[in-house]
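Structure first, then comments.
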Amino acid sequence: MSTKLKDLAKKREILESGHRMCAGCGAPVAVRQILMGAPDDVELVIANPTGCLEVSTTIYPFNSWNASYIHCGFENVASTLSGTEAAYRSLKRQGKIEEDYRFVAFGGDGGTYDIGLQALSGVLERGHRMVYVCYNNEAYMNTGIQRSSATLKGAWTTTSPHGKESFGKTENRKDLTGIVAAHNIPYAAQASISHWRDVVRKAQKAFEADGPSFINILAPCHRGWRYPMEQTIELARLAVQTCVWPLYEVENGVWNLTTKVKKKKPLEEYLKLQGRFAHLFTEQNQEALQSIQEYVDRDWERILRLCGETEE
Amino acid sequence: MALLESKTVALVGNDAVAEAMRQVNPDVVAAYPITPQTDIVQTFSAMAADGLVKTELVNVESEHSAMSACIGAAASGARVMTATCSQGLALMWELLYIASGLRLPIVMPNVNRALSAPINIHCDHGDSMGARDSGWIQLFSENAQEAYDNIIQAVRISEHPDVYLPVMVLLDGFIISHAVDRMDLMEDEKVRNFIGERSEPYTMLDSKNPTCVGPFDGLYGYFFEFKRQQEEAMKNSFQVIQDVGKEFEKISGRSYGLFQTLGMEDAEFVVIAQGSGAGTIRHQVECMRSSGIPVGMIKLRSFRPFPAKQLVELLSGVKAVAVFDRSDTFAGGMGGPVFIELRSSFYEQEKKPLITNYIYGLGGRDLSIALVKQAMQEIHEMASSGRVKQMVNYLGLKE
């Protein structure tokens, strides 16, 4: 399938304009890039857990989705959509449905890393054919910027504030993509909205996978990260260039680094642009800042090893 | 393990439920095991493994996901079932409201079991009573036959266009689920003709009319109207439950309504009960009536909707009523849920009986004939003296 702009521009928009996501939000960019990877000859069912994307795109009696859509609860988008997928298989087998359907869940990091992890794991193990996309903005943004297990160490959030005794979030984030890959599903990947062609290609593979597939896509939130709204794509790119967000895929168990970083930029270049990390640039928090860089270095090395990019 | 058609059999309640599920032949079943419901899922899984059903069986990782998957499937136009009890039902709690709020016809047997703590696997009605305000229709069963019959009727009730509400079929844990009962099964064809095909005006898998299920109501505010309509649907279900019951009688010979009565034509005092306890109580009522004591009985089948009007009509002329509740409300002396609702139903009535409450059988404590006898003597005395000795009584405590 093509990833040429002139072809992609002809594709049907599934998420229509007029929704109420913030100007400069990374999430709808992620959704549109992912859905550019959907085949043209299938019908779609979209599902959201509770979150920004849900409350901003389905405000009754309006609806921005040019496809069937379901929202059920917060922690159960995966299991809800697994029921839909099971219904489809049953009705299709009985000859009651002719069309081919694909199923796509878009959950935030709160609904995926944290409260929805059990339901996601169940779906991956049971092998439902669906594309699960985590649009990751590294905190609970819909409720007003609370820490999640996707939040980078050192970040200020309203529930991990910095203060006299704190440099912000004290724990490193969870490696969700690794956890998902450990389910041995056909396709899992990390992506960033700054690398759109890479996203579309990964989405195409995810839609082709005959089983569950998963894309963890970095989608910066300027309200939560505290940067000017026009810098969303730039922040997403810097996350890749500083190796804080490595782009890779795990296809049938084979790890592959999809964006090589020849000269890793210092983490500070990424952190300095964001208000949520501003407190780290004080003498008091030098050590913390250093430990975050060390974590990023260590994690990057680990990904390089898994992707066979080092000689070790 | 298909059973022979249309015959009298000896089955435990859980197998009777599984047999009803085989005959209903849902498009999707998503379920998770929990004592004492487990045999339903096991037996049905064996049926699926033998190709006896067309069902897509989803072995989910929790009851929360079971109900979530049922919602996702029912919104796709599929006929959907699950089964649970106790902690499993409690884990489903938020989704019960979503299923009814989205007006999805899901049928769920709930094998009544006590809720922890202390952890206890035996019967009481505390689990389903916890879900009484969740917008589900709740039908009690006295035995395996009724559990089987209720499931078949529940499909019709939940899918009725005036209703579109999920239905919980209740059967007592172990007492019904694991005890062998003599019962009649219907022919597959008869059941299939009775339930018909599911037809749904809106489904997510209709490519010509893509459907948005569960949109956000935060800004424009129709939540209130949705909820009022849900209550309207529950009111409509009174008629639908009775109509479906009458139609079912024609094919089965077994009659079903909102409740069943015994000796109400001349009763001076009446006992109300639901579930398996009704069988024990009926025995005692019959014994007393044969000795000329004017006692009557109402076995409540439909707890949701609660047939307040009909019960008031039936009971306003009697001297005393005792409500048997197999759960408590922990309201500080208000009594059990059925008692509270019946008592409140009489508020506007000038002519009303004395009403008392017997809470019994929590955590599977046996309801013996001796206990029923003891309660009956007290109620008889109450009817004669015209005085309620104690409003809420705990029957069969060791302390």
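Bear in mind that the values in this text are calculations on the coordinates, not laboratory data. The structure presented is a predicted model; accordingly, all values stated were derived computationally and were not measured. All Cβ positions, even for glycine, are placed from backbone atoms using ideal geometry, and neighbour counts span all protein chains on display.
Grab the DSSP H runs of the protein assembly as shown that are 4 residues or longer, score each as -39,500 (n - 2.57), total them, divide by all residues and round the 222 nm result to the nearest 500 deg cm²/dmol.
Values: 24 runs with 262 residues, N = 711.
Using -39500 (n - 2.57) per qualifying helix, the result is -11000 deg cm²/dmol.
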Report task. Rounded to the nearest Å, what's the spacing between the alpha carbon centres of the range B:31-95 and the range B:99-127? Just the number, please. Result -> 13 Å
**Report entry** Translational D in µm²/s for the range A:107-207 (Stokes-Einstein at 20 °C, 1.002 mPa s, Kirkwood Rh from C-alpha pairs)
**Finding:** 145 µm²/s
**Report entry** Dipole-positive endmost among A:Ser17, A:Leu5, A:Thr58 within the range A:1-65 (Cβ charges, Cα centre)
**Finding:** A:Leu5
Query raised in the report: If exposed chymotrypsin sites (Phe, Trp or Tyr not before Pro) are those in a DSSP loop with at most 14 other Cβ within 10 Å, what is the longest stretch of chain B that has none?
Result: B:1-201
Query - Given 16 as the ceiling on other Cβ atoms within 10 Å, longest exposed-site-free region of chain A for chymotrypsin sites (Phe, Trp or Tyr not before Pro) in DSSP loops - result: A:63-280
Report task. Check each of the GluC sites (Glu not before Pro) in the range A:138-186 and keep only those in coil by DSSP with at most 16 other C-beta atoms within 10 angstrom; list them in order. Result -> A:Glu165, A:Glu171
**Report entry** Between helix B:144-159 and chain B: long-axis angle, C-alpha atoms, 0 to 90°, nearest 10
**Finding:** 60 degrees
Query raised in the report: Between B:Met334 and B:Met391, what is the label-to-label distance in nm when each label sits 7 Å out along the Cα-to-Cβ direction?
Result: 1.1 nm
**Report entry** Electrostatic dipole magnitude of the range B:259-395 [Cβ: Lys, Arg +1; Asp, Glu -1; Cα centre; debye, to 20]
**Finding:** 160 debye
Report task. Evaluate the Kirkwood expression for the hydrodynamic radius of the range A:214-257, namely the inverse of the mean inverse distance over all pairs of different C-alpha atoms, and round to one decimal in Å. Result -> 11.8 Å
Report task. Enter the angle in degrees (range 0 to 90, nearest 10) between the Cα long axis of helix B:13-24 and the first principal axis of the Cα atoms of chain B, meaning the one along which they spread out most. Result -> 40 degrees
Query raised in the report: Within the range B:302-386, which GluC sites (Glu not before Pro) sit in a loop by DSSP and count at most 16 neighbouring Cβ atoms inside 10 Å?
Result: B:Glu348, B:Glu350
Requested in this report: On a C-alpha basis, how far is the centre of the range A:80-150 from the centre of the range A:210-276 in Å? Whole number, if you could?
Outcome: 22 Å
Query raised in the report: Assigning unit charges at the beta carbon (Lys, Arg +1; Asp, Glu -1) and nothing else, what dipole magnitude in debye, to the nearest 20, does the protein assembly as shown show about its Cα centre?
Result: 1120 debye
**Report entry** For chain B, convex hull of alpha carbons as volume per residue, Å³
**Finding:** 148 Å³
Report task. Take every residue in peptide A:58-70, count the Cβ atoms of other chains within 10 Å of its Cβ, and give the average of those counts. Result -> 6
Query - Among beta bridges that DSSP assigns inside chain B, antiparallel share in %, nearest 5 - result: 20 percent
Requested in this report: Go ahead and run the numbers for FRET between A:Ser121 and B:Tyr220, Cβ-Cβ distance against an R0 of 35 Å, rounding to 0.05.
Outcome: 0.45
Report task. Kindly work out what percent of the DSSP beta bridges joining two residues of the range A:5-306 are antiparallel, to the nearest 5. Result -> 30 percent
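What is the local net charge at B:Ile241, summed over the other residues whose Cβ is closer than 12 Å to its Cβ (Lys, Arg +1; Asp, Glu -1)?
Details: positive: B:Arg156, B:Lys235, B:Lys246, B:Arg301, B:Arg304; negative: B:Asp162, B:Asp243, B:Glu247.
Summing Lys and Arg as +1 and Asp and Glu as -1 gives +2.
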Query raised in the report: What trypsin sites (Lys or Arg not before Pro) does the range B:324-373 have in DSSP loop regions with at most 10 other beta carbons within 10 Å?
Result: B:Lys351
Requested in this report: Anything over 23 Å Cα to Cα? Flag those among A:Lys164/A:Lys265; A:Lys11/A:Lys92; A:Lys4/A:Lys260; A:Lys164/A:Lys272; A:Lys4/A:Lys262, in the order listed.
Outcome: A:Lys164/A:Lys265; A:Lys11/A:Lys92; A:Lys4/A:Lys262
Query raised in the report: Over the C-alpha atoms of chain A, what are the Rg and the largest Cα-to-Cα span, Dmax, in Å?
Result: 19.1, 68
Query raised in the report: Relative to the longest principal axis of chain A, what angle (0 to 90°, nearest 10) does the C-alpha long axis of helix A:196-208 take?
Result: 40 degrees
Query raised in the report: For all pairs of alpha-carbon atoms in the range A:1-76, what percent lies in each bin of width 5 Å, listed from the first bin to the last filled one?
Result: 3, 14, 26, 24, 18, 10, 4, 1
Query raised in the report: If you take the Cα Rg of the range B:113-199 and divide it by 2.2 N^0.38 Å, with N the number of residues, what do you get?
Result: 1.24
Query - Enclosed volume per residue, in Å³, of the convex hull spanned by Cα atoms of the protein assembly as shown - result: 183 Å³
